[in-house]
Structure formats: C-alpha cells, structure tokens
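What follows is a short report on a single structure.
The values are calculated or read from the model by the stated rules, or taken from the named source; none is laboratory data. Because the structure is predicted, anything quoted here is derived from the model rather than measured. As a convention, Cβ positions derive from the backbone with ideal geometry for all residues, glycine included, and neighbour counts pool all protein chains shown. Only protein heavy atoms, including side chains, enter the accessible area calculation; ligands, DNA and RNA are left aside. Shrake-Rupley method; radii C 1.70, N 1.55, O 1.52, S 1.80 Å.
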Amino acid sequence: MIKVLVVDDQILVRAGLAALLRAAPGLDVVGEAATGEEAIDQAAAARPDIILMDIRMPGMNGVTATEHILAAQLDPRPRVLILTTFDLDKYVYHALRIGASGFLLKDTPPERLIAAVHTVAAGDMLFAPSVTRRLIEAYTSRTDPPGAPRSPALHALTAREVEVLKLVGRALSNAEIATRLRVSEATVKTHLNRTMTKLNLSSRAQIVALAYESGLIVPGRENSAPS
C-alpha cells in the first residue's frame, strides 16, 4: 500500500484529491495539510511514501516545505510530487534542484494523477509535458558559450557513469537505460548509486538538474555519450 500525504491550501482541491486517491486501489491517504508548516509536521508523523505538494501556498510555499522535509532524513524518505497551476512557474527549477520527484499540473486527468503517484513511488521521475518543455526552454535561453567548462565534480565519474547520468538527465527509466546500454537493470542501479554518492545527490531529479547545469546535456541536441 502506497501512503500518500495531500498538501493544498484550498480545501475543496485538497478534499477532492484525497477522495480520488482513497478510492484508488493500492493507495492510502495518511494525512492532509493546508500549509507548508503542516506538511512538515504531517510528513514527520505519518511517514508517507508520496507527498502531493501544492507549490503556491500562503506563508511557507511548497518548495520551502519540500526542502525542509527532504532535509529531515526521514526513513523511509518520502518522494514529493509537485502540483502547480502554471506550466511556467518560477519555483519549478528550484524544486527540481532540491530533490522533488516530479511535477504535474492541477488540471491533470484523475487517471493520470493516480498513475503518476505509482510512477513516482516506483522511483522514477515524472514531468507534465508542458513543464518539461518550459524547463528545457529555460536552458535553451542560457548564454553559456559552447564547450563551457563542466562541473569539476563530474571528473570523479567514470565514462560509464557519465553515460548513465546523461540518460537519467533525459528522463529515461532504469529499464530504458539498461536497454540502451545493453546491460542489466542491476548494473544501471549500481552505476547510478555510485554517481549519486560521488556527486552528493539524493534523487534522480537532482541528477537531471545537474546534467543541464553542467552543460552535459545541451537542450535541442542529442549528446553523444563517451565510449
């Protein structure tokens, strides 16, 4: 059973989401919160697997609440799925950088929302297509010159770890990466765990952010992986 915490300052939205999730097989709503502060307290008390987090709330916003929750080193560590009304939201990139596991628009159809919860619970990231497009557009507008230096931290990675990092950065799942590299999923997980340890990252979302930040992935262009 996947335990879910629903966070939204609008009571009708929050109640609707909670009712939808309670009616879905395999999901258990273990709490509801109306503010970022309540979300932090509920996460510590209920230990949810997934948190549906409204990004814009009075007082503490969903990004700040997410940062506090993920920094608390809860066991198990919850995965945060951000809900936003806007596909171009100033908070989206920061939420990605601190470790949110995905983003959905609030007008996402119910069946896709339920599927998203299962996807994130399984350890994969999930992005609404329009959010992904906006994120890539933001990087496309960067003025860094071609061949700009990559993060020094990347030099600690092996060639295969860089390959895996690139493919995670392109939002491929472990199974898709294994197929692309012709290795087992266990091997992919090993490379991924080593990469995250070396770079001091705690989520796949942070890998995506680093892949773009460092110039390892150039939006709009397929990057050849090292041999």
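Once backbone amide H atoms are built at 1.01 Å from N, K106 has T84, T85 as its partners under 5 Å, excluding neighbours fewer than 5 places away on the same chain. Rolling a 1.4 angstrom probe over the range 179-219 with all protein chains present gives an accessible area of which 45% lies on carbon and sulfur atoms.
List the relative contact order of the range 32-131 as a percent without decimals, with contacts defined as Cα pairs under 8 Å and 6+ residues apart.
Relative contact order of the range 32-131: 25 percent.
Per atom type, the range 2-138 shows carbon and sulfur on 56% of its accessible surface, probed at 1.4 Å. Segment V13..E111, full-extension length gain: 33.7 nm, with 0.36 nm per residue of separation and the alpha-carbon distance subtracted.
Any idea what the relative contact order of the range 152-214 is, in percent, if you count C-alpha pairs under 8 Å spaced at least 6 apart? About 42 percent, as a whole number. If every alpha-carbon in the range 2-138 counts as one equal scatterer, what log10 I(q)/I(0) does Debye give at q = 0.10, 0.16, 0.18 1/Å? Computed log10 I(q)/I(0) values: -0.26, -0.72, -0.93.
At q = 0.20, 0.25 Å⁻¹ the log10 of I(q)/I(0) for the range 152-214 amounts to -0.67, -1.07, computed by Debye summation with a single uniform scatterer per C-alpha, solvent ignored. The Cα atoms of the range 18-60 cover 34, 20, 12 Å along the three principal axes, with the biggest extent listed first. A cut-off under 10 angstrom between Cβ atoms defines the neighbours of R97, and their net charge, with Lys, Arg +1 and Asp, Glu -1, is -2. Of the trypsin sites (Lys or Arg not before Pro) found in the range 31-109, those in coil by DSSP whose Cβ has at most 14 other Cβ atoms within 10 Å are K90. Short-range pairs are left out: with C-alpha atoms under 8 Å and at least six residues apart, the relative contact order of the range 1-82 is 33 percent.
Principal axis extents of the C-alpha atoms in the range 65-120 (largest first, rounded to whole Å): 32, 26, 13.
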